[in-house]
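Notes follow once the structure below has been shown.
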Amino acid sequence: MNAIPIFRSIRDPIGSAARWAVVSVPAHLSARGLAVPVWAALCLPLAALLPLASLWASLILAPVFALAAGLRLAALVGLILPKPKEPPPLANADLPTVTVLVPLFREASIFPDLATALARLDYPPHLLEVIILLEACDTATIAAARAHAPAGWRIIVVPPGKPQTKPRACNVGLALASGDLVVVFDGEDRPEPAQARLAAAALAADPRLAVVQARLGCDHAGPGAPIVTRLWAIEYQALFGAILPLLSRLGLPFLLGGTSNWFRAEALRVAGGWDAHNVTEDADLGVRLARLGWRSAVIDSTTWEEAPLSVNVWLRQRARWFKGFAVTTIVHGRTPRKTVRELGAPGFIALLAQLPVSLLCTAAHPLGVGLALGGDLSGPLAALLLLGYAAAVALHAAAAPGARWVALLLPFYWLMHWAALLLALSDLVRDPAHWRKTDHGAAVRAQAA
């Protein structure tokens, strides 16, 4: 794959970076120009009517359910295996330079917490470049940044342009970054202090690694938190604490989280950065890096995030994720033979389990509920459904031992996933690149240690 080169004008570096940001990914691997609304218009009624399909017609879903159950059972086994050894830490003289990208939109109130969180990183300050990326229309956050950002931080106002998305802003930051490594943090993130050194050591130890992903977790999901917040938290514990470590251990590609992914800048630029037209730019980038032959891995460090506090906020966030997963599936499914050849059969199957299989399982969840309520649990499809549900509940309970009873609510939570999927597909019909913004600052969070 040939990346579109970065052209930086001496007279207008930010403007030229913004122009590159929307075309950084080659057209055949980007969502720009993709007839997504047509695909969505076809998929929406299928997702809505799938629960009403007759049992014999639904048997086509059996391999889907089997793959989903197999991934969760394997992740469950992975929890009891000893953790892989971490590479030795680097001496200060061997540490690479790091650029921290923080894209913000309508988040004027977060600067004190953000400054505290980044100041806690155990990394030489002279090797750390912080770039705050702001949208030109967001005058409140621009004013707050200029008034309260610590000395030495670079404040970049991204010129107006379409689509106005987080990946477009990140690409502007990438074009201006000087670090050997690049990491993305959201405004509410609280990374553990050792995370930067762990990432640097892991990337230095394996030249095939393009990126290492830190765990994402919730620091306000204890007793008394809303149920939707606690379900979101245990979902993250299962994903980042079990599924991604398993895929990393096996050397298989996985979907990156939207934050706390530490990139080798060289690999990121070869891949073209993020696709400005995909609202789950992280998931798409993980696939593109794998197609280029790069590996992804996880590190044993957590970044604490802010979880949704209400069903409405959760629904908007999850609909954006599902929309991006659907777009990513379509983009990389346009040339299936080439995708299989570049990923290899195991890598292709791993990504099938994380993208289309995940979406189909979400669409079919009401079918499982109907089978359970109807009492017809004798067929092979019902057996696979029960296996999948049992594996998923067991995995979440094992990954979140402090909130095991919450895992029993997962079947109800998955009905919310189905509603979010329908909203996502309807969004795709109207505007594939529309970014449903998740507002932050509402949660009462634990004080940083």
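The values are calculated or read from the model by the stated rules, or taken from the named source; none is laboratory data. Worth saying up front: this structure is predicted, and the values here are computed from it rather than measured. Positions of Cβ are generated from backbone atoms using ideal geometry, with glycine treated the same way; all protein chains shown enter the neighbour counts. For accessibility, only protein heavy atoms count, side chains too; no ligands or nucleic acids. Shrake-Rupley method; radii C 1.70, N 1.55, O 1.52, S 1.80 Å.
Below, the figures for the structure above:
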| item | result |
| --- | --- |
| Residue satisfying condition, being buried (at least 22 other Cβ atoms within 10 Å of the Cβ), assigned to a helix (DSSP H, G or I) and not charged (D, E, K, R), within set T328, T339 | T328 |
| Pairs where the first residue, in region 8-31, is small (G, A, S) and the second is modelled with pLDDT under 90 and assigned to a loop (DSSP other than H, G, I, E, B), C-beta under 7 Å, 6+ apart | G15/S9; S16/F7; S16/R8; S16/S9; A17/R8; S24/I4; A27/G33; A31/P432 |
| Those helices (runs of 4 or more DSSP H) lying entirely in region 1-114 with at least 2 residues open to solvent by 50 Å² or more (accessible area, probe 1.4 Å), modelled with pLDDT under 95 and more than 30 Å from T139 (Cα to Cα) | 36-49, 55-58, 62-78 |
| Residue pairs meeting the criteria (Cβ under 7 Å; at least 6 apart or on separate chains; first under 25 Å from R436 (Cβ atoms), in region 402-425; second among the aromatic types (F, W, Y) and open to solvent by less than 50 Å² (accessible area, probe 1.4 Å)) | A420/F322; L421/F322; A424/F322 |
| Near pairs, Cβ below 9 angstrom, 6+ apart or cross-chain, from region 62-87 (touching a residue at least 60 places away in the same chain (Cβ under 8 Å)) to any residue that is of a type in the set (S, T, Y) | A68/S358; A69/Y389; P84/S248 |
| Filtered residue count, region 228-260, keeping only those that are in contact with a Pro (Cβ under 7 Å, 6 or more places away or on another chain) and in a loop (DSSP other than H, G, I, E, B) | 2 |
| Residue in region 322-338 that is at pLDDT 90 or above, in contact with a Phe, Trp or Tyr (Cβ under 7 Å, 6 or more places away or on another chain) and among the hydroxyl-bearing types (S, T, Y) present | no |
| Residues that are touching a residue at least 40 places away in the same chain (Cβ under 8 Å) and within 19 Å of A394 (Cβ to Cβ), drawn from region 237-254 | Q237, A238, F240, G241, A242, I243, L244, P245, L246, L247 |
| Residue match in region 259-268 (condition: crowded, with 21+ Cβ neighbours inside 10 Å and at positive phi) | yes |
| Given (1) at pLDDT below 95; (2) over 15 Å from T259 (Cα atoms), number of the condition V287 does not satisfy | (1) |
| Criterion (out of contact with any Leu (no Cβ under 7 Å at 6 or more places or on another chain) and closer than 29 Å to Q164 by Cβ) met by exactly one of S248, S296, S310 | S310 |
